[in-house]
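To start, the structure itself, in structure tokens.
The values are calculated or read from the model by the stated rules, or taken from the named source; none is laboratory data. Everything quoted here is computed from the prediction, not taken from an experiment. All Cβ positions, glycine included, derive from the backbone under ideal geometry; neighbour counts span all protein chains shown. All accessible areas refer to the heavy atoms of the entire protein, side chains included, with ligands and DNA or RNA removed. Shrake-Rupley method; radii C 1.70, N 1.55, O 1.52, S 1.80 Å.
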Amino acid sequence: MEKYGLIGWPVSHSLSPPMQNAGFNSAGIKADYSLVEVSPDKMDIVIPEMKNEFCGWNCTVPHKQHIIEFLDDMDETAKVLGSVNTVVNSNGKLKGFSTDGYGMEISIKESFNQDIAGNSFLFIGAGGAARAVALYFALQGAARIAVLNRTVEKAEALSKEISEVNAKIETTADTINSRDFDPTIYNIVIQCTSLGLHEGDPSPYDVSRLKPNQNVVDMIYKETDFLKKAQGLGCKTADGRGMLLFQGVRAWEIWTGKKAPVEDMRKALYDAMK
Ligand code: ATR
């Protein structure tokens, strides 16, 4: 039985086990994906043990940066981000990847039939989740990226990083509801703040400023106030389930080298959310 898992602290809320195990079952691979709770001070002990036992694993907070010191190699996105969410163990050599940006890319392709290259994106929020996707989109050749954030310094810092990754991108940074900023010129709007995670959270953005022909995606996988308002305006919308699914699909494909049984993984993930 091959072993895979998710390391984090805590990890009890994760939906990855049903999704990943459905993929293994469907493909006839004898493998088990489990949750591995590791406190930061135990990484030095646990990671060498996992190197002996696990074929690969995902990393979540607070280990996405700390894991890097244990790795032999990283893909380009993980190097740029300085953050890893997927590790593959090839005969004791550990390689790290970051699959969140890819997850959002495929979700956008599936929901709106839109590509990254040459396209324009508005990120609402500038935290870790926004950064992982925005820098990946910069690597993939987005034409224009704006970042709006409550704390404008963080929007400016992310915008600067985007330009450093790809100097050709037209970047803008502003406060979240700045009146001077025109959001309607961006083809795809991505809600990346944590507002909406909890029942009753208001939208962080004045959605009435968008236009009905804009494509709007929320990274949160529940129906948020932001997304409901965007639907009310007539925008094409997608919630965060697609990103979650496809970041996991990419990890599964890195580990197995096979094409993932996406629909079986999707069904298991969506069922586990009910
Ligand atoms: P994650 O890893 O999910 O991105 P994070 O790095 O803590 O989490 O980032 C949270 C994001 O949500 C930030 O953009 C944060 O804005 P600030 O940088 O100004 O804190 C945003 N956020 C959280 N609560 C918010 C609120 N009440 N209104 C607007 N933005 C909020």
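Points to keep in mind about this one:
- Accessible carbon and sulfur surface of the chain relative to its total accessible area, %, 1.4 Å: 48
- Options I188, T256, G234, ranked by Cα towards positive dipole end of the stretch 156-274, top entry (Cβ charges): T256
- Cα long-axis angle, helix 128-139 against the chain (0 to 90 degrees, to the nearest 10): 80
- The chain: mean projected area of Cα convex hull, nm²: 14.1
- Within straight-line cross-link reach of K42, lysines at Cα separation under 23 Å, skipping those fewer than 8 residues along the same chain: K3, K51, K64, K93, K95
- When peptides 27-40, 248-261 are ranked by their average number of other Cβ atoms within 10 Å per residue, the highest-first order is 248-261, 27-40.
- Ligands, DNA and RNA are left out, and with a 1.4 angstrom probe the accessible area of the chain is 45 Å² per residue.
- Magnitude of the charge dipole for the chain, about its Cα centre and with charges confined to Cβ atoms of Lys, Arg (+1) and Asp, Glu (-1), is about 520 debye.
- Cα-only Debye scattering, the stretch 116-257: base-10 log of I(q)/I(0) at q = 0.10, 0.12, 0.15, 0.16 Å⁻¹: -0.32, -0.46, -0.72, -0.82
- For P212, the shell of other residues with beta-carbons less than 14 Å away shows a net charge of +4, using +1 for Lys and Arg and -1 for Asp and Glu.
- Relative to the dominant Cα principal axis of the chain, helix 43-53 is inclined by about 60°.
- Straight-line cross-link reach from K228 at under 17 Å between alpha-carbon atoms covers these lysines, not counting any fewer than eight positions away in the same chain: K211, K236.
- Using θ = phi - 60° in the Karplus curve 6.51 cos²θ - 1.76 cosθ + 1.60, the 3J(HN,Hα) couplings for the stretch 109-125 round to 5, 5, 7, 10, 6, 10, 9, 7, 4, x, 9, 10, 10, 10, 9, 9, x Hz; x is entered for Gly and Pro.
- Cα-centre dipole for the stretch 67-220 with unit charges at Cβ (Lys and Arg positive, Asp and Glu negative), debye to 20: 180
- Each of S39, N177, A78 was placed along the dipole of the chain (beta-carbon charges, centred on the mean Cα), and the one lying farthest toward the positive end is N177.
- Here the peptides 165-173, 110-118, 132-140 are ranked by packing, the mean other Cβ count within 10 Å, and the order with the highest first is 132-140, 165-173, 110-118.
- Between the stretch 199-251 and the stretch 22-87, the alpha-carbon center distance in angstrom: 29
- The C-alpha atoms of the chain define a longest principal axis, and helix 262-273 lies at about 80 degrees to it.
- MRE, 222 nm, helices only [DSSP H, n ≥ 4, -39500 (n - 2.57), over the chain, to nearest 500]: -12000 deg cm²/dmol
- Contact order normalised by residue count of the stretch 141-245, Cα under 8 Å, 6+ apart, percent: 20
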